[in-house]
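A short worksheet on the structure shown next.
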Amino acid sequence: MAKSPTLVWLRRDLRLQDNPALTAAANGGGPVVCLYVLDEEAVYAPGAAQKWFLHHALHALAERLEGYGVSLLFRRGREADCVEEAAREIGAAAVHWNRRYGAAEIETDKSLKARLSAAGIDALSHNGSLLREPWELRTKTGGPYQVFTPFWKALRQAGPSRREGQEPRFDAQYGLGRALAGDLDRLELTPTSPDWASAFSDCWRPSEDGAARALAEFLDGPARSYGEDRNRPDRPGTSRLSPHLAIGTISPLTVWNATIAAMAAGSLGDAQREKFLSELAWREFSYHLLFHNPQLPGEPLRPAFARFPWREDQAAFRAWTRGRTGVPIVDAGMRELWKTGWMHNRVRMIAASFLVKNLLIPWKKGERWFWETLVDADPASNPASWQWVAGCGADAAPYFRIFNPVTQGEKFDPDGAYVRAFVPELAGLSNAHIHAPWTAPEAALKAANITLGAAYPRPIVDPGQSRARALGAYDAMRTAAL
């Protein structure tokens with residue numbers, strides 16, 4: 001008698017390699033059917049830019065699965081309803097998925113398990129997204145970590161909690177066919193009028209193969225000088241794996257193991273390896289925080305910041321989103337984000353600091369903008385990193401650490417190559433003035449064909465004065481807490 005099929009609900013794990021849920025389903029010996037659900041009402045529904053990445057990753061995955069005789073279904077609607085309906089349609093005996101860690105996601109998964117169980121369908125979850133589950137690492141007193149460095153030391157000592165899985169073998173086919181599997185285009189993940197993502201395809205290869213190539217290219221080149229170059233937006237010094245990790249076209253365990261292997265082969269030094277692995281650990285730490293602090297996405301982890309005197313300044317916020325603040329390194333980052341769906345990490349910190357400290361605009365507004373415009377938007381890393389910059393999160397930078405965007409630009413983009421690439425109207429300025437055009441002599445501006453306030457705006461706030469204002473706001477918050 002033929003075995004009943006198994007349904008695999010894919011979420012942020014769009015791959016075959018090292019996919020515990022998919023492997024467990026295949027090991028059952030019966031036919032496997034996969035499902036992706038777009039739930040626009042979900043707390044972590046993908047933002048506009050990530051939808052583009054998702055569309056192409058799903059298309060590539062559907063083609064790979066089809067080669068094994070496995071259909072990928074596409075549904076639009078409430079997650080739990082769509083999964084239960086699909087399981088009933090195919091007569092599934094079991095449903096597998098890899099776990100998520102946001103509070104609303106956990107509740108959805110618990111509720112769905114109960115519904116499936118009541119219908120006589122087994123529901124099994126797996127760890128396919130982290131090196132260690134959030135509850136596996138504890139402080140000496142038994143609590144969760146709130147500071148990154150000891151968390152990183154504990155993770156480095158413990159290592160991953162499971163072995164990397166290979167591509168699954170599918171022994172049976174269900175034969176849904178393309179018609180029943182449905183059309184990916186019905187999810188309407190890509191923009192049309194206008195197609196603001198037209199340049200994305202020049203920057204990204206959204207597929208499992210693309211992720212593997214990105215990892216190999218990184219380890220074969222930029223990784224060797226990662227410690228120095230990762231802070232330089234004018235150099236290709238980062239892995240650019242974050243979009244792949246965010247939607248799961250590669251697993252963190254695959255990245256971890258490949259990095260360790262490169263070190264063992266002698267192609268990567270200890271210092272570079274450890275620095276890169278620690279950045280991977282920051283992602284883990286963010287999920288640790290999200291699981292143990294469900295309020296992370298919407299509330300400051302430091303309660304005193306609930307009284308912070310944020311400002312509502314829609315004009316300033318709009319100027320920030322459009323890359324028209326008059327501060328070149330900030331504007332370059334925001335324009336890179338709009339053009340490519342990504343921003344260099346050092347520039348993310350500078351741009352975020354400018355928003356929450358120089359402009360005193362709430363970090364949640366910045367986090368929401370990044371969620372919509374980043375192809376690597378991540379439920380844990382986004383809010384954890386914004387709270388870090390704002391000074392209100394776990395292990396946050398001290399609030400008085402306010403990035404000076406001019407000196408940051410001069411230090412990390414010394415020749416102005418990054419600014420010139422994304423703010424071309426400033427291309428004619430010398431290196432001495434490229435990061436602070438308002439300080440350039442009139443003759444220099446004229447020679448570069450720049451009229452401040454016209455072709456390029458004057459700064460919407462003075463960096464020095466706005467820093468003093470931010471410190472005053474911080475002092476007012478602390479006084480209110482007394």
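The values are calculated or read from the model by the stated rules, or taken from the named source; none is laboratory data. Everything quoted here is computed from the prediction, not taken from an experiment. Every residue, glycine among them, receives a Cβ derived from its backbone with ideal geometry; neighbour counts consider all protein chains shown.
Within the range 327-348, not a single residue is in the same structural domain as residue 432 (by TED's automatic domain parsing), under 15 Å from residue 300 (Cβ atoms) and either touching a residue at least 12 places away in the same chain (Cβ under 8 Å) or in contact with a Phe, Trp or Tyr (Cβ under 8 Å, 6 or more places away or on another chain) (or both).
Among the residues of the range 31-56, those that are surrounded by fewer than 19 Cβ atoms within 10 Å (Cβ to Cβ) and small (Gly, Ala, Ser) comprise 42, 45, 48.
For the range 180-289, the helices (runs of 4 or more DSSP H) that sit wholly inside it and include 3 or more residues that are of a type outside the set (Gly, Ala, Ser), free of Cβ contacts under 8 Å to residues at least 24 places away in the same chain and not assigned by TED's automatic domain parsing to the domain that holds residue 403 are 208-219.
With respect to the conditions (1) free of Cβ contacts under 8 Å to residues at least 24 places away in the same chain; (2) over 23 Å from residue 465 (Cβ atoms), residue 421 falls short on a single one, namely (1). Condition check: in contact (Cβ under 8 Å) with a residue 12 or more places away in the chain and in contact with a Lys or Arg (Cβ under 9 Å, 6 or more places away or on another chain). Does residue 111 satisfy that? No, not satisfied. Candidates are the residues of the range 349-380 that are within 20 Å of the chain's Cα centre (by Cα) and of a type in the set (S, T, N, Q); the one that is surrounded by the fewest Cβ atoms within 10 Å (Cβ to Cβ) is 373. Among residues of the range 1-33 being β-branched (Val, Ile, Thr) and outside any helix (DSSP H, G or I), the one that is farthest from residue 208 (Cα to Cα) is 6. Can you find a residue in the range 171-178 that is more than 28 Å from residue 68 (Cα to Cα), out of contact with any His (no Cβ under 6 Å at 6 or more places or on another chain) and outside the structural domain of residue 412 (by TED's automatic domain parsing)? No. Taken residue by residue, the range 70-78 has no member that is surrounded by 15 or more Cβ atoms within 10 Å (Cβ to Cβ), free of Cβ contacts under 8 Å to residues at least 60 places away in the same chain, in contact with a Ser or Thr (Cβ under 7 Å, 6 or more places away or on another chain) and among the charged types (D, E, K, R).
Looking only at the range 381-395, decide whether some residue is of a type in the set (D, E, K, R), buried (at least 22 other Cβ atoms within 10 Å of the Cβ) and outside the structural domain of residue 40 (by TED's automatic domain parsing). Among the residues of the range 381-395, not one is of a type in the set (D, E, K, R), buried (at least 22 other Cβ atoms within 10 Å of the Cβ) and outside the structural domain of residue 40 (by TED's automatic domain parsing), which makes the answer no. Checking each residue in the range 114-133 for being touching a residue at least 12 places away in the same chain (Cβ under 8 Å) and either closer than 22 Å to residue 153 by Cβ or assigned to a loop (DSSP other than H, G, I, E, B) (or both) picks out 119, 121, 127, 128, 129, 130, 131, 132, 133.
Taken over the range 443-467, residues that are out of contact with any Leu (no Cβ under 9 Å at 6 or more places or on another chain), within 23 Å of residue 323 (Cα to Cα) and in a helix (DSSP H, G or I) amount to 5.
Looking only at residues in the range 351-380 that are outside any loop (DSSP other than H, G, I, E, B) and among the charged types (D, E, K, R), which one is farthest from residue 337 (Cα to Cα)? Top of the filtered list is 357. For the range 290-323, the set of residues classified as among the hydrophobic types (A, V, I, L, M, F, W, C) and not in a helix (DSSP H, G or I) consists of 296, 301, 308, 310, listed by residue number.
The number of residues in the range 381-400 being touching a residue at least 12 places away in the same chain (Cβ under 8 Å) and not in a helix (DSSP H, G or I) comes to 8. Cβ separations smaller than 7 Å between residues 6+ apart or across chains give the following pairs from the range 79-101 residues that are at positive phi to residues that are at pLDDT below 95 and surrounded by fewer than 19 Cβ atoms within 10 Å (Cβ to Cβ): 91/4.
Within the range 86-102, being surrounded by fewer than 16 Cβ atoms within 10 Å (Cβ to Cβ) and assigned to a helix (DSSP H, G or I) holds for 88, 89.
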